[in-house]
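Quick notes on the structure that follows.
The values are calculated or read from the model by the stated rules, or taken from the named source; none is laboratory data. If you're wondering where the values come from, they're calculated on a predicted model, not measured in any experiment. Heads up, the Cβs are rebuilt from the backbone with ideal geometry, glycines too, and the neighbour counts pull from every protein chain shown. Areas reflect the complete protein model, heavy atoms only, side chains present, ligands, DNA and RNA absent. Shrake-Rupley method; radii C 1.70, N 1.55, O 1.52, S 1.80 Å.
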Amino acid sequence: MSSSCRRPEHTGPPEVFYNEEEAKKYSQNSRMIEIQTQMSERAVELLCLPEDQPCYLLDVGCGSGLSGDYLTEVGHYWVGVDISTAMLDVALDRDVEGDLVLGDMGEGMPFRAGTFDGCISISALQWLCNADKKTHSPPKRLYRFFSTLYSSLARGARAVFQIYPENSEQLELITAQAMKAGFTGGMVVDYPNSSKAKKFFLCLFAGVSGVLPKGLDSESTDRCVSSQAQFTAQRSRFKNLKGKSVKKSKDWVLEKKQRRRRQGKEVRGDTKYTGRQRRPRF
């Protein structure tokens, strides 16, 4: 966990770094899509959600909606929050199923108490450890985020954050503010002996302490984490996302209509749904 001047959060605020050019990569770069999908799958596994039961989830730092696509694929409903207008515009262009909110996570989550059954976040939390403005205090912004997130989660829910910690001090800062806000839990490290495959997941429990899942390692032939969390690494939805022909195909349209009917939304029977979701601002 050595520091590097090439880390994205060292180049500027997230709303500046994730401009239109950078945002396009998350819909066109197959490698980025693959990695984002893998980490989203793993985060959802660590949530230990009830099987065959749709849940209402929060995606913090949702970006272009790749994590949200996976949440939709496995039958969940979701709301995504991101500070980058360019990234959310890409999500809108991709017709994601979730609702989108433009907001700074360091200013807190603007949701009613007990709204969500769980929360995931991919590669976003470490941005709060930087002071991009003179008024920014990383400990205060982290606490503000965690305390409002704690309130917005149902009791017993989990929040899973995939992060790229810069060093041990940064990990201590993040976990200290999470615990101060009321969370319990800890860090799950996958493939700890691999420099390339190593991944950090902060797994937090709201209100009720749980058993922290075990991290994956290269010797796990069945990739089993525990009886409650298993990583399957299926990526079939995203294997052909390079072109739009698959996304706009007949099967894709029919599946989308079925999902919207299950959500109680009106769907025209003769044409595909082309409406765009409005992005709330706060």
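Worth pointing out:
- Here segment 125-152 and segment 19-50 have alpha carbon centers that stand 23 Å from each other.
- Solvent-accessible surface of protein heavy atoms, probed at 1.4 angstrom with all chains present, puts 84, 195 in the order 195, 84, largest first.
- Figure note: 208, 74, 90 ranked by solvent-accessible area, largest first, 1.4 Å probe, ligands and nucleic acids not counted: 208, 74, 90.
- If the chain linking residue 180 and residue 53 were pulled fully straight, counting 0.36 nm for each residue of separation and taking away their Cα-Cα distance, it would gain 42.6 nm.
- Calculated accessible area for segment 24-115 comes out at 36 Å² per residue, all protein chains present (probe 1.4 Å; ligands, DNA, RNA ignored).
- When only alpha carbons are used to place a centre, segment 53-92 and segment 183-216 end up 22 Å from one another.
- Estimated FRET transfer efficiency (residue 209, residue 93; beta-carbon r; R0 45 Å; 0.05): 0.60
- Accessible surface of segment 64-131, 1.4 Å probe, proportion on carbon and sulfur as whole %: 45 percent
- Heavy atoms of residue 32: accessible area, 1.4 Å probe, square angstrom to 10: 50 Å²
- Rolling a 1.4 Å probe across the protein heavy atoms gives segment 124-213 an accessible surface of 44 Å² per residue.
- Computed over segment 95-187, the convex hull of the alpha-carbon atoms projects to a mean area of 6.6 nm².
- Overall form of segment 162-221 per C-alpha gyration tensor (a/c, 1.5; a/b vs b/c): oblate
- Residue 172 contributes an accessible area of around 120 Å² to the protein surface, as traced by a 1.4 Å probe with all chains present.
- P(r) histogram, all alpha-carbon pairs of segment 23-131 included - 5 Å bins from 0, percent: 2, 12, 24, 25, 21, 11, 4, 0, 0
- For the set 173, 66, 254, the ranking by accessible area, highest first and with no ligand, DNA or RNA atoms included, is 254, 173, 66 under a 1.4 Å probe.
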